[in-house]
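The values are calculated or read from the model by the stated rules, or taken from the named source; none is laboratory data. Here the structure is a predicted model, which is why all the values come from computation and not from measurement. A quick note on method: Cβ atoms are made from the backbone with ideal geometry, for glycine too, and the neighbour counts reach across all protein chains shown. Surface accessibility is based on the protein's heavy atoms, side chains included, excluding ligands, DNA and RNA. Shrake-Rupley method; radii C 1.70, N 1.55, O 1.52, S 1.80 Å.
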Amino acid sequence: MKPLPHSFYDRPAEDVAPELLGKLLVRREGGGKPRRMGRIVEAEAYLGPHDLAAHSSKGRTARTEVMFGPPGYAYVYLIYGMHHCLNAVTGPGNHASAVLLRALEPVENVEASTSGPGRLCRALNIDRTLNGHDLTRGGLIIAEPDDPAPAFDVVAGPRVGVDYAGDWAARPYRFSIAGNRYVSRPSGRA
């Protein structure tokens, strides 16, 4: 299993998001805890400051600082004061765009539900301590599987929970593996 390089992320979020499908999210912690791993089956692109659904559209803040940095790092934030969400910062360059990981298909040592970004983070013990973490090394990586996933169709649909963004909410920037039972919400377009 080989971590995806920084160059993989150094592209527009709408190109990175569908290509993350089928890749592995791997969580390693110390203290004798087993490695946990899931296949990414749903991801949502946030295109940068011009995208009214993206956090970076509000400008550079302490919360969004990592989005304005180099691609290939984790942007982890808390919503509703209780749910963590994991994003992979994308490019090109320091463009302040990211891809939200919405759902995983459990592969190894994952017992809890990973359908939805908050559940995904809870199941893999991902929290704000991983904000700014380099996704190419250490305790949290996204990797190319040793054995590629069987061929699958990608479905695109509107993003979830961003109605405040007007027309940007309806744009088809949520990508999922068609028919996968772990997807949080089925998408409508192929």
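Couple of notes before you dig in:
- Our helix-only sum for the chain, with -39,500 (n - 2.57) per DSSP H run of n ≥ 4 divided by its residues, gives a mean residue ellipticity at 222 nm of -3000 deg cm²/dmol.
- Listed residues 176, 184 arranged by accessible area, highest first, probe 1.4 Å: 184, 176
- In order through region 171-181: 3J(HN,Hα) via Karplus (6.51 cos²θ - 1.76 cosθ + 1.60), integer Hz, x for Gly, Pro: 5, x, 10, 9, 10, 8, 7, 4, x, 6, 6
- In percent, rounded to a whole number, the relative contact order of the chain is 27, using alpha-carbon pairs under 8 Å and six or more apart.
- Sequence-distant aspartates and glutamates (8 or more away, or on other chains) whose Cα lies within less than 19 Å of residue 58: 44, 163, 167
- For region 1-62, carbon and sulfur atoms together expose 54% of the accessible surface, with a 1.4 angstrom probe and every protein chain in place.
- Under the combined filter of DSSP loop state and at most 14 neighbouring Cβ atoms within 10 Å, region 78-165 retains these trypsin sites (Lys or Arg not before Pro): 137.
- Residue 66 accessible area, assembled protein chains, probe 1.4 Å, Å²: 30 Å²
- Sequence-ordered 3J(HN,Hα) estimates for region 66-82 from the Karplus curve with 6.51, -1.76 and 1.60 and θ = phi - 60° stand at 4, 5, 8, x, x, x, x, 10, 7, 10, 10, 9, 10, 10, 6, x, 8 Hz, glycine and proline given as x.
- Looking at the chain, the accessible area is 45 square angstrom per residue; that uses a 1.4 Å probe and ignores ligands, DNA and RNA.
- Backbone HN-Hα couplings from phi across region 93-101 [Karplus 6.51/-1.76/1.60, Hz, Gly and Pro as x]: x, 8, 7, 6, 10, 7, 10, 7, 8
- Look at the alpha carbon pairs under 8 Å that are at least 6 residues apart: their mean separation over the length of region 1-57 gives a relative contact order of 28 percent.
- Average silhouette area of the chain, convex hull of alpha-carbon atoms, in square nanometres: 10.0 nm²
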